[in-house]
Amino acid sequence: MTTDGRIALITGANKGIGYEIARQLGEKGITVLIGARDADRGRAAASELSRSGSAAQHIPLDLHDEDSILEAARQIDSEFGRLDILVNNAGVTDPEDGVPSVATTGALRRIMETNFIGTHAVTKAMLPLIKRAPAGRIVNMSSSLGSLTLNGDPTSTYYSAQLLGYNASKAALNMLTVQLSEELRGTPATVNSVSPGFVKTDLNGHTGHLSVEEGARLPVEFALQGDDAVSGQFVEAGGQTPW
């Protein structure tokens, strides 16, 4: 296997768009670490990528278990000494989510715990490794549903998707992008929120209109930004998304 020396961690990468992001990065010669809490699925995904010619391995990672997150950071530090790319892809929806009068408190907690709090925990643990890379790249997999502007615009395509928990979790994730970008100002590292579009995945019961191959392109593009990299942006395929 020929690699270009860069190391990428993708959370929730054992299937769906996370797996496809790992596959596309692996094709570029980047060593991909498959973050997955299910060990069997994580190892199977890494083995499949390895058979196709990528340098891939499974990293046990559960966004609900801080010890798991810290151990993943220690393992990456021990094996590689740095992390060039972090793609925060893992996320959930919940059948008890909905408009404010319907969404249950339990659903809100479960969604925020994974999509925002767990993602922050992973990012915080990996940040020292990102800072050691020559040009660290963090991609937060957001959604246009996290835009406060679009949520309040009756003419928006996304206006009808009133999911209090999920939309709020992506808005919170965008706040992580904004504040972390400011914290990283003056360093070679960047962080951006990227909306892949409405992709056919288990998350939406495969009702999306984009393939995982199409949905992975923009996150991969931002993971591979060069010297002219931007930071602190919220983007989708058509350009910038309003906060």
> In the range 188-243, what residues are among the charged types (D, E, K, R) and at pLDDT below 95?
Replying inline: LYS200, ASP202, GLU213, GLU214, ARG217, ASP227, ASP228, GLU236
>> Residues that are surrounded by fewer than 19 Cβ atoms within 10 Å (Cβ to Cβ) and over 19 Å from ILE17 (Cβ atoms): does the range 136-144 have at least one?
In response: no
> Which one is surrounded by the most Cβ atoms within 10 Å (Cβ to Cβ), of the residues in the range 75-90 that are of a type outside the set (A, V, I, L, M), in contact with a helix residue (DSSP H, G or I) (Cβ under 6 Å, 6 or more places away or on another chain) and assigned to a loop (DSSP other than H, G, I, E, B)?
Replying inline: ASN89
>> Take the conditions surrounded by fewer than 22 Cβ atoms within 10 Å (Cβ to Cβ) and either within 20 Å of GLY146 (Cβ to Cβ) or touching a His at 6+ places or on another chain (Cβ under 6 Å) (or both) and apply them to THR93. Does it pass?
In response: yes
>> Could you check the range 150-185 and list, in sequence order, the residues that are surrounded by 13 or more Cβ atoms within 10 Å (Cβ to Cβ), in a helix (DSSP H, G or I) and not hydrophobic (A, V, I, L, M, F, W, C)?
In response: ASN151, GLY165, TYR166, ASN167, SER169, LYS170, ASN174, THR177, SER181
>> As an exercise: evaluate SER47 against (1) over 14 Å from THR11 (Cβ atoms); (2) surrounded by 16 or more Cβ atoms within 10 Å (Cβ to Cβ) and give the number of the one condition it does not meet.
In response: (2)
> Taking the range 1-53 only, how many residues are aliphatic (A, V, I, L, M), free of Cβ contacts under 8 Å to residues at least 40 places away in the same chain and within 20 Å of ARG132 (Cα to Cα)?
Replying inline: 1
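The values are calculated or read from the model by the stated rules, or taken from the named source; none is laboratory data. Fair warning: this is a prediction, and the values are worked out from it, not measured in the lab. Don't worry about glycine lacking a Cβ; one is built from the backbone with ideal geometry, like all the others, and counts go over all protein chains shown.
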